[in-house]
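What follows is one structure encoded as structure tokens, with my remarks underneath.
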Amino acid sequence: MGEALDTEIVKEPMDEFALGTGLDPARETPRRYLWTDAFAVCNYLGLYVRSADEQYRSLALRLIDQVHDGLGKHRVDDSRTGWISGLDEDEGRMHPTQGGLRIGKKLKERRLKEPFQEEQEWDRDGQYFHYLTRWMHALHCVSCVTGDDHFNEWAVELAKTAHARFTYVPPSGGKGMYWKMSIDLSYPLVPSMGHHDPLDGWITYHELRTGNVMNTSGLHGSNLDAEIADMAVICEGKKWATGDPLGLGGLLVDAFRVAQLIIHKEFEQENLLDTLLNDSLMGLKYYAQNNALNLPADYRLAFRELGLAIGLRAIERLEDLVDQKLHIFKRGHQLQYMIHSLTQYKPLCEVITKFWLEPRTRVSQSWQDHLDINTVMLATSLAPDGYLTIC
């Protein structure tokens, strides 16, 4: 398919998403889900930058309003009302991320004394750290495109809240992280640590410091120094390799983000870039050997595969970036060699996107069961610059 994509092929799924979820035309009770909406905001920004069509900038901003007004507040079927943060209505609108943001799952969260049921937990509400970092990234991207510092300010407020509640000191010392927290962030729902959560936090906190964004309230990204130091400690010595395509895609995106941060002089640990590329290569070798892409649609999860496709798009851009800025990297030629090793897997991207662009695969039950997230991540895989680029 190549990079010379007709913008229409991206507009179509994003227009379907806007209509289906109640974004445009707006419904009184839209269907919001934080992960999907973070990607969607970036997709609309990308469409705006590519087409100069103001409707896509407007859709990105309206989506942010809907997310904050919905997922920043308690559920309609909850006895609690108002902002999760506990702020009054006016203060809550000024600081919509201060209490975090709900996932947007269909079922209520598990109460503190309710027994844990693993299968059901996947469908229960709460807060995920890795969803919150995606939203921080989306807000930062909006600040970059619009020049409005308030979005980055909200991202920093969200980072500080999430870090304070998701990290903890275990009895053995050091620092740990919870994978899933209650809606009000008062207790953990899943106490184990997500494999890539500290990595997500470490890179995203750095990202919030890039560019010339200086918020009127003084909440600049430099306020995250303590949180960055915490994440560096948690990440020390960790290995990130995974055979999961969504996780693999995330690692490849992270590698591209780290390279951009190094160029922005916001990240000094070039060894992390080496680690990410090596661990990604290990995971890709494993994934390519298991022949998962030969299965029929009903035995596959599109959004997980599309996450990998997005990551492979990131590697294409990383290759160009390192070639152009080779002198900035201490081990530039070694990076080129590692990136070249990864590019042999680029054809997987076309295999994945071509498969899920086929109309017959999109009537499968597996596609329809996850319609919103599949649609949005397909659009991101086709035109990823709105999501991948750090200003």
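Things to note:
- Cross-chain or 6+ apart pairs with Cβ under 7 Å, segment 144-173 first and surrounded by 24 or more Cβ atoms within 10 Å (Cβ to Cβ), then of a type in the set (Phe, Trp, Tyr): LEU158/TRP135; ALA159/TYR205; ALA162/PHE129; PHE166/PHE129; PHE166/TYR178
- Single match in THR343, THR353, THR389 (criterion: surrounded by 18 or more Cβ atoms within 10 Å (Cβ to Cβ), farther than 25 Å from GLY104 by Cβ and modelled with pLDDT of 95 or more): THR353
- Only residues that are of a type in the set (Lys, Arg) and either within 20 Å of HIS140 (Cα to Cα) or modelled with pLDDT of 95 or more (or both) were counted in segment 210-266, giving 2.
- Here ALA297 meets the list (1) more than 21 Å from SER341 (Cα to Cα); (2) free of Cβ contacts under 8 Å to residues at least 24 places away in the same chain almost entirely, failing just condition (2).
- Any hit, segment 370-389, residues being free of Cβ contacts under 8 Å to residues at least 60 places away in the same chain and outside any loop (DSSP other than H, G, I, E, B): no
- Residue match in segment 276-294 (condition: among the basic types (Lys, Arg) and not in a helix (DSSP H, G or I)): no
- Scan segment 112-134 for residues that are in a helix (DSSP H, G or I) and closer than 26 Å to LEU199 by Cβ and the total you get is 8.
- The listed residue being modelled with pLDDT of 95 or more, part of a helix (DSSP H, G or I), touching a Cys at 6+ places or on another chain (Cβ under 9 Å) and within 23 Å of THR361 (Cα to Cα), out of LEU348, LEU312, LEU306: LEU312
- Taking the conditions (1) in contact with a strand residue (DSSP E or B) (Cβ under 7 Å, 6 or more places away or on another chain); (2) buried (at least 20 other Cβ atoms within 10 Å of the Cβ); (3) within 25 Å of THR81 (Cα to Cα) in turn, VAL190 satisfies each one other than (2).
The rows are residues; the columns are (1) of a type in the set (Val, Ile, Thr); (2) closer than 20 Å to LYS106 by Cβ.
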{"site": "VAL10", "(1), (2)": "yes, no"}
{"site": "GLU16", "(1), (2)": "no, no"}
{"site": "ASP24", "(1), (2)": "no, no"}
{"site": "THR36", "(1), (2)": "yes, yes"}
{"site": "SER58", "(1), (2)": "no, no"}
{"site": "HIS74", "(1), (2)": "no, yes"}
{"site": "ASP77", "(1), (2)": "no, yes"}
{"site": "ARG80", "(1), (2)": "no, yes"}
{"site": "SER85", "(1), (2)": "no, no"}
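- Residue match in segment 71-82 (condition: of a type in the set (Val, Ile, Thr), touching a residue at least 40 places away in the same chain (Cβ under 8 Å) and in contact with a helix residue (DSSP H, G or I) (Cβ under 7 Å, 6 or more places away or on another chain)): no
- The listed residue being more than 14 Å from THR36 (Cβ to Cβ) and surrounded by 15 or more Cβ atoms within 10 Å (Cβ to Cβ), out of LEU378, LEU382: LEU382
- Total residues in segment 294-351, condition within 14 Å of GLU270 (Cβ to Cβ) and in contact with a Gly (Cβ under 7 Å, 6 or more places away or on another chain): 2
- Of all residues in segment 139-175, those being touching an Asp or Glu at 6+ places or on another chain (Cβ under 8 Å) and either of a type in the set (S, T, N, Q) or part of a strand (DSSP E or B) (or both) number 2.
- Residue among GLU109, GLU54, GLU89 that is at pLDDT 95 or above and touching a Ser or Thr at 6+ places or on another chain (Cβ under 6 Å): GLU109
- THR275 fulfils the conditions (1) crowded, with 18+ Cβ neighbours inside 10 Å; (2) touching a residue at least 40 places away in the same chain (Cβ under 8 Å); (3) among the β-branched types (Val, Ile, Thr) except for a single criterion, (2).
The values are calculated or read from the model by the stated rules, or taken from the named source; none is laboratory data. Here the structure is a predicted model, which is why all the values come from computation and not from measurement. Here Cβ is always computed from backbone atoms with ideal geometry, including for glycine, and neighbour counts include all displayed protein chains.
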